[in-house]
């Protein structure tokens, strides 16, 4: 998962760098860059959690940041800034990371 979240961040960085420099693209890009790179950083923090409660809390941040990344990607396609086909693989990965994160939170809560 550390590898996947890092790769996700790198893919987000490349995507944002490829956007044109319009005002909307700049705003969406900055938001996506922040949330997309935060996924991996917060996952790493969760791996160093000091307790189950701390792990659940930190994974909750991973969940929020992944979902926010999806939101910005959805806006990029719905505003026709990017072709949905171009974002499809990255959005698929975000959805998979989100599902893994939610499952991890549920499992951790059960073992609490």
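Each 5 Å bin from zero up to the one holding the largest Cα-Cα distance in the chain carries the following percent of pairs: 2, 13, 24, 23, 15, 10, 7, 4, 2, 0.
Averaging sequence separations of C-alpha pairs under 8 Å and six or more residues apart, then dividing by the length of the chain, give the relative contact order as a whole percent. The value is 28 percent. Placing pseudo-labels 7 Å out from each Cα toward the beta carbon at residue 78 and residue 41 gives an inter-label distance of 2.6 nm. In the chain, the DSSP-assigned H stretches of four residues or longer account for a calculated mean residue ellipticity at 222 nm of -30500 deg cm²/dmol, using -39500 (n - 2.57) per stretch and the full residue count as denominator. Once the Cα atoms are used to define both axes, helix 23-47 deviates from the longest principal axis of the chain by about 20 degrees. Axis of helix 52-78 versus longest Cα principal axis of the chain: the two differ by about 20°, to the nearest ten degrees. Counted residue by residue at 0.36 nm each, then reduced by the alpha carbon distance between them, the extension gain from residue 102 to residue 53 reaches 16.2 nm. Shape call for the range 62-109 from the C-alpha gyration tensor, a ≥ b ≥ c root eigenvalues: rounded (a/c under 1.5), prolate (a/b greater than b/c) or oblate? Prolate, since a/c reaches 1.5 and a/b exceeds b/c. A simple packing score, the average count of other Cβ atoms within 10 Å per residue, orders the peptides 25-38, 6-19 as 25-38, 6-19, with the highest score first.
The numbers here are math on the coordinates, done by the rules we state, and not lab data. The shown structure was predicted, so the numbers you read here are calculated from the model rather than taken from an experiment. Note that we place each Cβ from the backbone using ideal geometry, even for glycine, and neighbour counts take in every protein chain shown.
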